[in-house]
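Here the structure comes first, spelled out in structure tokens, and everything after it is commentary.
The values are calculated or read from the model by the stated rules, or taken from the named source; none is laboratory data. Since the structure is predicted, the reported quantities are computational estimates derived from the model, not experimental observations. Methodologically, a virtual Cβ is constructed for each residue, glycine included, from the backbone with ideal geometry; neighbour enumeration extends over all protein chains shown.
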Amino acid sequence: MARNVTTRHKVTATVFAWIVALIIFFPILYTLITSVKTEPEAIAGFSLIPSGTFENYVTVQTQRDYFKPFMNSVVLAVGSTILALIIAIPSAWAMAFSPTKRTKDILMWMLSTKMMPAVAVLVPIYLMFRDFGLLDTRIGLTVMLTLINLPIVVWMLYTYFREIPGEILEAARMDGAGLWQEIVYVLTPMAVPGIASTLLLNIILAWNEAFWTIRLSTTNAAPLTAFIASFSSPQGLFWAKLSAASTMAIAPILILGWFSQKQLVRGLTFGAVK
Amino acid sequence: MGSITLRQVSKVFGEAKVIPSIDLEINDGEFVVFVGPSGCGKSTLLRLIAGLEDVSGGQILIDGKDVTHAAPAERGLAMVFQSYALYPHMSVRKNIAFPLKMAKMEQSAIDKKVEAAARVLNLTDYLERRPSQLSGGQRQRVAIGRAIVREPSAFLFDEPLSNLDAALRGTMRLEISDLHHQLKTTMVYVTHDQVEAMTMADKIVVLNRGNIEQVGSPLDLYKSPRNLFVAGFIGSPKMNFIDGAYAQSRSARTAGIRPEHLGLSKDSGTWRGTVKVAEHLGADTFLHLDVDGIGPITARCDGEFGAYHGDTVYMTPDESKLHRFDDKGLAIRG
Ligand SMILES: Nc1ncnc2c1ncn2[C@@H]1O[C@H](COP(=O)(O)OP(=O)(O)OP(=O)(O)O)[C@@H](O)[C@H]1O
Ligand SMILES: [Mg+2]
């Protein structure tokens, strides 16, 4: 039965959707607006009309170099994602295609580590980083980001792999494919959409991760999250500059997200809608 | 060559003994059909032969060679799955070529073989399409094409036609039988459709709860079922089973008479019954009757007979076609 959608319903739904979208997007919008205000304007109170100055961007760039934290962010996000995929693809593959009695428990245990508050392990991790000389190093942070996102990556890949019908892999086995040929010619091409969206999501998560990156870095390895944070300094709040820094920090990931929208949505709803 | 021998093959899943112990001989070039109710272990048995499942006990020999522990690819068998199991990211051409590519055959030889297979299966116009752009019947033909290019020593089919509609099933049935006559390769075919079993098989293996109830040619099974299970399973509509005085008078626990072995008349006969439901199929009519002193009986009669709900009909069972079974459900011969 076709559903009876009247124009009035459609208009109401559209208006409602726009309102919700605007509420969700508003903080980002306000950051954008604030970034083109002068400092006095920024603290003057709520206003949607800026004077339109780009001074903040210039100041931010001259006070602190944007390029270095940007590169750090790229290295950390991409590096940790690749590292996580290298570990997670074989593990998810094993769990999806030759599960044992404990597979479900292991998956639950992995997920449970994400439920623990990060602060709880701050001190031991900080001390470990200090003793191994990993503080403020790209390697240390990359490993840290890999580890904190690994459970999610494994879970996502596991769910995607489970969607691949086992009979297709069995057909490949019958057709004479060895384990590697099965992975290379059959499994991977079929898993590409899932792997791609896992990759994108993990890059976004790693890019935005602020708790550990801020605490375990100072200057050399500091990514854009630390760059933003450095503008909320004890000398006072520079809201306009903070907003300009934030805008610069989120812009790359926003652009990436925009262009990969389709892939992300397809990946995240994989299996739900065939 | 493609003879397959099973020696005391068993399969246990956790606690469940799905296949207790099976001995079976499949000769080279034979078309063997496994039939049985859902869950009786047909697919499991086929997968054991394929090597997709490890045996829990026993031995599997192909052409006299022990392959019990060999990987699927080493057994030289090809399988066609119920879900077709085509590679969705490859064109029809690449799908059919895949086993040859795995065998490291030269590209020019691959092309020749793929094209020959496509011609046999009427797929030439579809070689560049993806599986998702094909109809069910075409997909099934691609799956068969992928199986035949390798020239396996035997084909394994797991309910290959059950996703197709009735008309297409009929055509594909003929195509597979035809293919068997052309290739003369051993085929092991799983189905629960007994029309497929009866029409295609050289040899039918009736399975029940992981045990072989009977092995024989379709007509063997039809004419002399070994026990109640086979008698009830082979033949459509089902054989009528009659207990009580009638069976005892023929010194049996249960008597069996097929619906087509009842002579029908409007005015005289051994049994008198009332028509409950009449199924008119055109050429034939199936009458579901309530017979005095006997119980419910199904009879098959000519489409011209003209009996309807509520009519009284007389029946005379053809005693020479009567089946008799003892207390254990085994057929009494002679
Ligand atoms: N991997 C498995 N783990 C546990 N039990 C299984 C497994 N595969 C099959 N079984 C069980 O083995 C029995 C036989 O299954 P099988 O698939 O061989 O039946 P089948 O005869 O092919 O049935 P159908 O006609 O429905 O396809 C079933 O009871 C099933 O639940
Ligand atoms: Mg089955």
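At-a-glance table
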{"item": "Hits in the range B:174-192 - residues which are touching a helix residue (DSSP H, G or I) at 6+ places or on another chain (Cβ under 6 Å) and more than 16 Å from ligand 1 (Cβ to nearest atom)", "result": "B:177, B:187"}
{"item": "Residues being assigned to a strand (DSSP E or B) and under 23 Å from residue B:218 (Cβ atoms) - total across the range B:1-20", "result": "3"}
{"item": "Residue check for residue B:51: surrounded by 15 or more Cβ atoms within 10 Å (Cβ to Cβ) and either of a type outside the set (A, V, I, L, M, F, W, C) or more than 16 Å from ligand 1 (Cβ to nearest atom) (or both)", "result": "yes"}
{"item": "Count - residues of the range A:170-207 that are surrounded by fewer than 19 Cβ atoms within 10 Å (Cβ to Cβ), farther than 30 Å from residue A:142 by Cα and among the hydrophobic types (A, V, I, L, M, F, W, C)", "result": "1"}
{"item": "Qualifying positions in the range B:24-39 - without any contact (Cβ under 8 Å) to a residue 40 or more places away in the chain and farther than 20 Å from residue B:155 by Cβ", "result": "B:39"}
{"item": "Flag if residue B:23 is part of a loop (DSSP other than H, G, I, E, B), in the same structural domain as residue B:204 (by TED's automatic domain parsing), modelled with pLDDT of 95 or more and more than 16 Å from ligand 1 (Cβ to nearest atom)", "result": "no"}
{"item": "Qualifying residue in the range B:113-120 (condition: within 29 Å of residue B:167 (Cα to Cα), in a helix (DSSP H, G or I) and either aromatic (Phe, Trp, Tyr) or within 12 Å of another protein chain (Cβ to nearest Cβ) (or both))", "result": "no"}
{"item": "Residues of the range A:167-196 satisfying the condition of being facing another protein chain (nearest Cβ under 7 Å) and part of a helix (DSSP H, G or I)", "result": "A:167, A:168, A:170, A:171, A:173, A:174, A:181, A:186, A:189, A:190"}
{"item": "Count of the range B:26-39 residues which are within 14 Å of ligand 2 (Cβ to nearest atom) and not in a strand (DSSP E or B)", "result": "4"}
{"item": "Matching residues, the range B:254-266, being surrounded by fewer than 19 Cβ atoms within 10 Å (Cβ to Cβ) and either within 31 Å of the chain's Cα centre (by Cα) or closer than 13 Å to residue B:325 by Cβ (or both)", "result": "B:260, B:263"}
{"item": "Positions within the range B:45-57 being within 16 Å of ligand 2 (Cβ to nearest atom), in contact with an Asp or Glu (Cβ under 9 Å, 6 or more places away or on another chain) and within 12 Å of chain A (Cβ to nearest Cβ), in sequence order", "result": "B:46, B:47, B:50, B:52"}
{"item": "Evaluation of residue B:42 against (1) on the phi > 0 side of the Ramachandran plot; (2) within 16 Å of ligand 2 (Cβ to nearest atom) (one fails), failing number", "result": "(1)"}
{"item": "1 or more residues more than 16 Å from ligand 2 (Cβ to nearest atom) and surrounded by 24 or more Cβ atoms within 10 Å (Cβ to Cβ): qualifying helices (runs of 4 or more DSSP H) within the range B:127-212", "result": "B:136-148"}
{"item": "The range B:6-23, subset crowded, with 18+ Cβ neighbours inside 10 Å and within 24 Å of residue B:201 (Cα to Cα), residue nearest to ligand 2 (Cβ to nearest atom)", "result": "B:19"}
{"item": "In the range B:63-91, residue nearest to the other protein chains (Cβ to nearest Cβ) [restricted to those that are of a type in the set (S, T, N, Q) and without any contact (Cβ under 8 Å) to a residue 60 or more places away in the chain]", "result": "B:91"}
{"item": "Among the candidates B:60, B:110, residue that is more than 9 Å from chain A (Cβ to nearest Cβ), at pLDDT 95 or above and under 17 Å from residue B:147 (Cβ atoms)", "result": "B:110"}
